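Visitor: Dropping the structure in here first, questions after.
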Amino acid sequence: MATASQMVDPVIFANLQSKIDEEDSFRNAVRDIIQELDKQTKFALAILSRAHSTPAARIGEVTGAAEITIKELINTIAKLSETASQQPYYKFNYIWTRHMQDACFTILFAGWLQHNGKLFTIEEVGDILKVPVNLKDRDAFHLTVEEYLLALITLIDELARLSRNCVTLGDYKRPMEINQFIKDVHAGFGILNLKNDILRKRSDGIKYRIKECEDVVYDLSLRNLAPQT
Amino acid sequence: MTLTGNKRTAEEAFMAQPKTMSPFLPIFETFRSELDEHHDRRERIIKASRDITAASKKIIFSLQRVRTLNDPFPAQVAKDTKKHYDTIRDRYSSISRDLQGINSFRYQFQITPGNQEFVEAITFQHYLSHQMLMTHEEAQKELDKLTGGGERVILTAEDFLLGIFDMTGELMRFAITTMATTGQLPGAEKGPGHHTVLSDLRELRTQLEQVNVHEGGRFKKDFSSKMEVMRTCVEKVEGALYGQVVRGAERPKGWVPDLNGGRREEAEAY
């Protein structure tokens, strides 16, 4: 049998290996930043979750307390954005998309609490996080439409929970507002042509949140506790 | 409460309420058109990828009728493959616009099956003509030729490597069929450096086994399963050669060794 063979130029595999290694070191660099982001997001959400046991009048204390962490979170996203933009966006977007959704949810929830049921648009969230949104004309880090919509669904889940807890706190007005808010968002999702993907699966859950909120409204109305409008 | 409910009651309730339209509808309209665009692109790419895969398979099928290395292809083979390359060119051109700029890697998951099969076809063809492994850059150039060089479809290192794995299966098939019909392992006399398909397969195996794929990457799983299939392929050719050496003299003319459905085994490994 022949021994000396020249079928494979070793450079081929050396080049492939260096490409694989390069991608791996990029992933590692991003992972470090994401860990930091994750910690800050969790901390901010832990603070914001006090909203469930804080009367509406004092909700400012909760959002105020979360502000510092949210600022840190925004700084970390700036770092992520800078590192991530070195590579084609969608090549690695799977690494951080979950974390960007969580960060986006944090902003949406804080905004909703602070501004009495206001929904930040994707552009407003982008301004707060200091990242572009829905980029189409250039390849760089940004917040995608999908990430924003998934974060919005998380907000709905959280508000359904808040609706019941408001009643416990003796607040009968906010459940009415939450009920309307969720219905309005649901109407929005209703006009989207969703494929069989994660967005579809998660948005299917909104109707159960509507039911939960309507149940609260029903209970209050039945007992004449609902505020007269 | 049921959301569907009685239709009339729901309608009546709707009419009775002086309900204002959801204030969020305008922003959702923007999202709708964004998502529609995305889904349309995705669909186009999935379809093209499937066609590219099918055409590449047909090319490989034609190439498997070749019996010698380093020779010009029989006219019929050249004619057949040309037709399929035209299909591939057409499909790549139809989607290259969808794979530019921000979207260059967005549909990687959808396009990679087509890319891999394409790599398998062109590297196999290159091997039959030159008995050499085509480089990643050359493969990209072949693809660029098809897309006209303007809007490039990127062939990633992963596409290329996974395509090479599949190509080893074709080398096995080629080696065994040729041995069965001519009684000889192809290569040897004519090839540069006098190497046979088997020594080439072994060399490829050594190289592939040395590739270090890191944990946490998305392609680790595909890589590992294809590695197993590739090893089996090399060993099948070794087994066939062993059989020929040991029992070769007793072999009746025209006897074909059992290929044991190399393709089927490959499918099982996934």
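Visitor: At a 1.4 Å probe, what is the % contribution of carbon and sulfur to the accessible area of the protein assembly as shown? Walk me through the numbers before you get to the answer.
Guide: Working: 12820 of 24410 Å².
Carbon-and-sulfur percentage of accessible area, whole number: 53.
Visitor: For peptide A:189-195, compute the average count of partner chain beta-carbon atoms within 10 Å of each residue's beta-carbon. Intermediate results must be reported in sequence, preceding the final value.
Guide: Values: counts 5, 3, 7, 8, 5, 3, 6.
Mean partner shielding for this stretch: 5.
Visitor: Between A:196, A:165, A:93, find the one with the highest GNM mean-square fluctuation for chain A; connect C-alpha pairs within less than 10 Å.
Guide: Looking only at A:196, A:165, A:93, the largest GNM fluctuation is found for A:196.
Visitor: Counting only residues 5 or more places away or on other chains, whose amide H sits under 5 Å from the amide H of residue B:196 once H atoms are built in the peptide plane?
Guide: Under 5 Å from the amide H of residue B:196 lie the amide H atoms of A:2, B:188, each far enough along the sequence or on another chain.
Visitor: So what is the accessible area of the stretch B:67-210 per residue, in Å², with the probe set to 1.4 Å? Please list the in-between numbers first.
Guide: On the way: 5410 Å² over 144 residues.
Ligands and nucleic acids excluded, the result is 38 Å² per residue.
Visitor: Sticking with this structure for a sec: Could you tell me how many degrees, from 0 to 90 and to the nearest 10, lie between the Cα long axis of helix A:89-114 and the main elongation axis, the longest principal axis, of the Cα atoms of chain A?
Guide: 20 degrees
Visitor: I would also like to ask the following. Find the all-direction average of the projected area of the Cα convex hull for the stretch B:37-268, expressing the result in square nanometres with one decimal place.
Guide: Values: hull surface 54.7 nm².
Mean shadow area of the hull around the Cα atoms is 13.7 nm².
Visitor: Another question about this same structure. Could you check the simple spin-label distance between residue A:173 and residue A:42, using points 7 Å along Cα→Cβ, in nm with one decimal?
Guide: 3.7 nm
Visitor: Give me the one-decimal Kirkwood hydrodynamic radius in Å for the protein assembly as shown, with the sum taken over alpha-carbon pairs. All intermediate terms of the calculation are to be shown ahead of the outcome.
Guide: Numbers: mean 1/r = 0.0373 Å⁻¹.
Kirkwood hydrodynamic radius for the protein assembly as shown: 26.8 Å.
Visitor: Roughly speaking, what is the centre-to-centre gap between the stretch A:1-60 and the stretch A:105-167 when only Cα atoms are used, to the nearest Å?
Guide: Answer, in whole Å: 22.
Visitor: Which FRET efficiency, nearest 0.05, do residue A:52 and residue B:214 yield, Cβ-Cβ r, R0 35 Å? The partial results should precede the final answer.
Guide: Values: r = 42 Å, r/R0 = 1.19.
Here the calculated transfer efficiency is 0.25.
Visitor: Could you give the angle, 0 to 90 degrees to the nearest 10, between helix A:10-48's Cα long axis and the longest principal axis of the Cα atoms of chain A?
Guide: Rounded to the nearest ten degrees, it is 20.
Visitor: Oh, and also: Taking each residue in B:100-111, count the Cβ atoms of any other chain within 10 Å of its Cβ, then average. What number comes out? Before the final figure, lay out each step's value.
Guide: Details: counts 1, 7, 12, 5, 5, 8, 7, 1, 3, 2, 0, 0.
Other-chain Cβ atoms within 10 Å of each residue's Cβ, averaged: 4.
Visitor: Viscosity 0.692 mPa s, temperature 37 °C: Stokes-Einstein D of the stretch A:69-179 from its Kirkwood Cα radius, in µm² per second? Let's see the in-between values first.
Guide: Values: Rh = 14.9 Å.
For these conditions, the coefficient is 220 µm²/s.
Visitor: Could you work out the mean projected area of the convex hull around the alpha carbons of the stretch A:1-157, in square nanometres to one decimal?
Guide: Numbers: hull surface 50.3 nm².
If I average the Cα hull's projected area over directions, I get 12.6 nm².
Visitor: How many Cβ atoms of partner chains, on average, are near each residue of A:15-27 if near means within 10 Å of its Cβ? Walk me through the numbers before you get to the answer.
Guide: Details: counts 5, 10, 7, 1, 6, 10, 3, 1, 7, 6, 1, 0, 5.
The per-residue average across the peptide is 5.
Visitor: Karplus couplings for the stretch B:118-126 from phi (6.51 cos²θ - 1.76 cosθ + 1.60, θ = phi - 60°), rounded to Hz, Gly and Pro as x?
Guide: Ordered by residue, 3J(HN,Hα) equals 4, 4, 4, 5, 6, 6, 5, 4, 4 Hz.
Visitor: Taking the Cα centre of the stretch A:152-229 as origin, work out the dipole magnitude from +1 charges on Lys and Arg Cβ and -1 charges on Asp and Glu Cβ, in debye rounded to 20.
Guide: Numbers: 13 positive and 11 negative charges, 36 e Å.
For this selection, approximately 180 debye.
Visitor: Which whole-number percent of Cα pairs in the stretch B:131-200 have a distance greater than 14 Å? Numbers along the way, then the final one.
Guide: Working: 1623 of 2415 pairs.
Roughly 67 percent, once rounded to a whole number.
Visitor: With unit charges on the beta carbons (Lys and Arg positive, Asp and Glu negative) and the dipole taken about the Cα centre of the stretch A:16-96, which residue among A:68, A:16, A:56 sits farthest to the positive side?
Guide: A:56
Visitor: Compute the angle between helix A:145-168 and the longest alpha-carbon principal axis of chain A, please, reported from 0 to 90 degrees and rounded to the nearest 10.
Guide: That helix lies at roughly 30 degrees to the long axis.
Visitor: Would you mind getting the accessible area per residue of chain A, heavy atoms of the protein chains only, 1.4 Å probe, in Å²? Present the calculation step by step, with values, prior to reporting the outcome.
Guide: Details: 10690 Å² over 229 residues.
For chain A, the solvent-accessible area averages 47 Å² per residue.
Visitor: So what's the stretch A:152-229 giving for Rg/Rh, alpha carbon basis, Kirkwood Rh from the mean inverse pair distance? Walk me through the numbers before you get to the answer.
Guide: Numbers: Rg = 13.5 Å, Rh = 13.0 Å.
My calculation puts Rg/Rh at 1.04.
Visitor: Rank A:48, A:135, A:113 by mean-square fluctuation in a GNM of chain A with C-alpha springs under 10 angstrom and give only the top-ranked residue.
Guide: Comparing A:48, A:135, A:113 in a Gaussian network model of chain A, the most mobile one is A:135.
Visitor: May I pose another question? Consider just the alpha-carbon atoms of the stretch B:36-158 and return their Rg together with their Dmax, both in angstrom.
Guide: When restricted to Cα atoms, the stretch B:36-158 yields Rg and Dmax of 14.7, 50 Å.
Visitor: Can you list the residues, at least 5 places off or on another chain, whose amide H is less than 5 Å from the amide H of residue B:131, using H built in the peptide plane?
Guide: B:70
The values are calculated or read from the model by the stated rules, or taken from the named source; none is laboratory data. Bear in mind the structure is a predicted one, so any value in this text is a computation, not a measurement. Quick reminder, even Gly has a Cβ in these numbers, built from the backbone with ideal geometry, and neighbours come from all protein chains shown. Just so you know, the surface numbers come from the protein's heavy atoms only, side chains and all, with ligands and any DNA or RNA stripped out. Shrake-Rupley method; radii C 1.70, N 1.55, O 1.52, S 1.80 Å.
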